[in-house]
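Enquirer: Below: one structure in structure tokens.
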Amino acid sequence: MGQLRLCLLAFVALFDLAAPQDLEYHVFVYPHETKNSHVLVRAKPEQPLPNFTVCLQSYTDLTRPYSLFSYATKAQDNEILLLKPKPGEYRFYVGGKFVTFHVPQSIAASEHICASWESATGIVGFWFNGKPWPRKGLQRGYTVGAEAAIVLGQEQDAFGGGFNAQQSFTGELSAVYMWGTGISTSEVMEAMYNRPSKAPIFGWRNFPYKIVGEVYLKP
Ligand SMILES: *[C@@H]1O[C@H](CO)[C@@H](O)[C@H](O)[C@H]1NC(C)=O
Ligand SMILES: [Ca+2]
């Protein structure tokens, strides 16, 4: 009887570990610079993407470069990449090419960003703390591959690896969403408050993840 109960408990524990969780009111804390600690997103698009949007919130006092969202395929390690090369600047990569967005410089202020891209025009949308920035463009006609390794807080130079401590994230990361569509400013606001009306590929309210190394999920 005791053994059966133990088995059941073990099964439930395993199941819970694998199941996506509602992370509202939680953040991932990256306590220090490492060359391996990261969060692996355990979901990916079912098909190649002609359109997509990524949103997330970060809180750090880093002034060196760091990677927030790294989506690599076997063919292209910078398939989608959200990188902050220095204070006041975001770089958004699609298929290995990037555009830069200049934002106000702040130290230790929480920053919410969304970046979207559509293949038909190559137009990139960027929102900073809910405000749309002037649109730019890159990689018109490109298609983002679906077989991806998606890593938060490290920059992939190889599929699922090739990290560099000098590009690692330190601080707090939350409200991570990805959709296989474009996004409106009102939907950006919904994501900012963790109340998305449109079903994402993955999102904070039902987040499929695996922590590797020293990252902690905290209130
Ligand atoms: C991608 O976006 C374009 C332009 O907004 C739209 O016409 C097209 O239907 C979208 N494709 C998919 C698969 O959603
Ligand atoms: Ca890279």
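Enquirer: Rounded to the nearest Å, what's the spacing between the alpha carbon centres of the range 92-122 and the range 134-170? Just the number, please.
Expert: Taking the Cα centre of each part, the range 92-122 and the range 134-170 sit 12 Å apart.
Enquirer: Another question about this same structure. Note down the net charge around W117, summing +1 for each Lys or Arg and -1 for each Asp or Glu among other residues with Cβ under 14 Å from its Cβ.
Expert: Numbers: positive: R91, K97, R135, K136, R140; negative: E79, E118.
Result for the neighbourhood of W117: +3.
Enquirer: Given an 8 Å cut-off on Cα distances and at least 6 residues of separation, report the relative contact order of the chain as a percent. Before the final figure, lay out each step's value.
Expert: Values: 554 pairs, mean separation 76.0, N = 219.
Here the relative contact order equals 35 percent.
Enquirer: Also, I was wondering about something else. Listed highest first by mean packing, meaning other Cβ atoms within 10 Å per residue, what order do 187-195, 134-142 come in?
Expert: Details: 187-195: 17.9, 134-142: 13.6.
My ranking of the peptides, most packed first, is 187-195, 134-142.
Enquirer: Filter K131/K210; K84/K136; K35/K84; K44/K131 down to the pairs with a C-alpha to C-alpha distance above 29 Å, please.
Expert: Values: K131/K210 31 Å; K84/K136 17 Å; K35/K84 17 Å; K44/K131 27 Å.
Over 29 Å apart, Cα to Cα: K131/K210.
Enquirer: Go through the range 122-137 residue by residue and turn each phi into a ³J(HN,Hα) via Karplus (6.51, -1.76, 1.60, θ = phi - 60°); whole Hz please, and just put x for glycine and proline.
Expert: So the J values, rounded to whole Hz, are x, 5, 10, x, 9, 10, 10, 6, x, 9, x, 8, x, 6, 10, x.
Enquirer: Expressed as a rounded percentage, what relative contact order does the range 93-200 have, with Cα pairs under 8 Å and six or more residues apart? Working shown, then result.
Expert: Numbers: 127 pairs, mean separation 21.9, N = 108.
Once divided by the residue count of the range 93-200, the mean separation gives 20 percent.
Enquirer: For labels at A165 and I107 in the simple 7 Å Cα→Cβ model, what's the distance in nm?
Expert: Going by the 7 Å Cα→Cβ label model, 2.4 nm.
Bear in mind that the values in this text are calculations on the coordinates, not laboratory data. Since this is a predicted model, take the numbers as computed values, not measurements. Ideal geometry is used to build each Cβ from the backbone, glycine not excepted, and the neighbour counts take in all protein chains shown.
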